[in-house]
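J.: If you scroll down you'll find the structure; I have some questions about it.
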Protein chains: 2
Amino acid sequence: MACERALVLLSGGMDSTVCAAVAARDGYEVWTLSFDYGQRHRAELEAARAVADVYGIPPVRRRTLDLSRVFCGSALTGDAEVPLDRDTAEMAAGIPATYVPARNLVFLALATAVAEPLDAHHLFIGVNALDYSGYPDCRPEFVTAFEAAARLGTAAGVAIHTPLAHLTKAGIVQLGQAIGAPLHLTLTCYRGTVPACGRCDACQLRRKGFAEAGLADPIPYAADGPPAER
Amino acid sequence: MACERALVLLSGGMDSTVCAAVAARDGYEVWTLSFDYGQRHRAELEAARAVADVYGIPPVRRRTLDLSRVFCGSALTGDAEVPLDRDTAEMAAGIPATYVPARNLVFLALATAVAEPLDAHHLFIGVNALDYSGYPDCRPEFVTAFEAAARLGTAAGVAIHTPLAHLTKAGIVQLGQAIGAPLHLTLTCYRGTVPACGRCDACQLRRKGFAEAGLADPIPYAADGPPAER
């Protein structure tokens, strides 16, 4: 049987990297789509390239779209401060400052547009249970609604795979470890520093995930980061 | 009551121009969003600007996004020939060569992302009954499905207005005429020539619409275009 094509939304973070690993494990011909949306950390795109290299994905199968003129006004794009040292309750209270308007809606729409002429009828996106708490476009019901819209709005439709949807961050770490995802190459920190800051929401959730999974995080953290305690 | 903001997807064509006219008539503060997606006719964007000028929309309320790296492989973007002199049956048979993958899906997703930080909770898009025949993402059920996805995927959601949804091209012409839409400024021809070619699907449908509405089309056509007969 010919290998089916999957387009993986690959940010260079841990979640999308585990998604790429799942798609590769499941036998898809993996294509990647990365978005440059004026992140303060272009380092994320470098991480995406390193991950794609690990999976032997040739340049012709990699797409990067420049969305820097689309997203503005969120902490991820440089217009606001990244909040630091928040506890879990603060993170869970409403939509975070790092919210980018309709990000996954735009990402999935563009992925659908990119996938169709490639005859890639499978999209992989790393939305998960934790993100669900703060970002409306990470909710499973959003993904299902989007899939329905895409099916009606395109010639062939796409199947949207969310292999992390019901995993905690610890579950994602364990899955990534089990299938050999190159977690050491991934970049998570909202501030995009190397070593990672360890204090932004993303760093804290990642460290907590590794701690709960009982595994050592292979990336370096700044000495002033707090311990990864719950 | 403060004026509510509406973001109108304005291509510079007749349909989106009538949409802008409807939004203005209905008392919205009109903002416009135009897309540059490598059209062979940048003239369309010029037409959009001229229409926005007519409605006194200041530059700060106009957005243009460059999608030239997203869409490829369709006649509208220069990679294929625009079919000429097709009859209505040929136009109705399947997805046309001018189909751009998931165009309205991407347009609506980007419009939702642009609208949210502007506190614009209304989107106007000129999909209509005729387009329904060939483009999957012009179907009313697609728009409804998208609206549901956007409501789940954003903080505030958007209401999508499709004032032309159930109009024929003749009905659009009559509506535009009745509310003073500047139809003389609009550009319809897929080939983007001035005078218009009169032979591509878009020109033929436009001329037929004016003929059925019993009105003269105010734009010039090339002498080699066929008469606007049914």
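The values are calculated or read from the model by the stated rules, or taken from the named source; none is laboratory data. Nothing here was measured: the structure is a model prediction, and the numbers come from that model. Neighbour counts are summed over all protein chains in view; Cβ atoms, including those assigned to glycine, are modelled from backbone coordinates with ideal geometry.
J.: Those residues that are more than 16 Å from the chain's Cα centre (by Cα), at pLDDT 90 or above and not in a helix (DSSP H, G or I), I need them from the stretch B:97-129; list them, please.
T.: B:119, B:120, B:121, B:122 - these are the residues of the stretch B:97-129 that are more than 16 Å from the chain's Cα centre (by Cα), at pLDDT 90 or above and not in a helix (DSSP H, G or I).
J.: Here's something else I'd like to know. Filter the stretch A:16-43 down to the residues that are assigned to a helix (DSSP H, G or I) and surrounded by 24 or more Cβ atoms within 10 Å (Cβ to Cβ) and list them by number.
T.: A:16, A:17, A:18, A:19, A:20, A:21, A:23
J.: Give all pairs with beta carbons closer than 8 Å in which a residue from the stretch A:124-142 that is aromatic (Phe, Trp, Tyr) meets a residue that is assigned to a loop (DSSP other than H, G, I, E, B) and at pLDDT below 70; count only pairs at least 6 apart in sequence or on separate chains.
T.: Close Cβ pairs satisfying both conditions: A:135/A:95; A:135/A:96; A:135/A:99.
J.: Can you confirm whether residue B:192 is over 19 Å from residue B:12 (Cα atoms) and modelled with pLDDT under 95?
T.: Criteria not met by residue B:192.
J.: Please enumerate the residues belonging to the stretch A:148-158 that are surrounded by fewer than 21 Cβ atoms within 10 Å (Cβ to Cβ) and at pLDDT 95 or above. Walk me through it before giving the result.
T.: Here is the first cut: in the stretch A:148-158, the residues surrounded by fewer than 21 Cβ atoms within 10 Å (Cβ to Cβ) are A:148, A:151-152, A:155-157.
Scanning the stretch A:148-158 gives a single hit, A:148.
J.: Please name all residue pairs, on different chains or six or more residues apart, with Cβ atoms under 9 Å, provided the first residue is in the stretch A:11-34 and is at negative phi and the second residue is in a helix (DSSP H, G or I) and aromatic (Phe, Trp, Tyr).
T.: Pairs found: A:33/A:107.
J.: Sort out for me the helices (runs of 4 or more DSSP H) sitting completely within the stretch B:140-220 that have 1 or more residues that are under 23 Å from residue B:120 (Cβ atoms) and within 14 Å of chain A (Cβ to nearest Cβ).
T.: Counting at least 1 such residues, we get B:140-153.
J.: Read through the list (1) among the acidic types (Asp, Glu); (2) at positive phi; (3) modelled with pLDDT under 70, then give the number of the only condition that residue A:85 fails.
T.: That leaves (3) as the condition not met.
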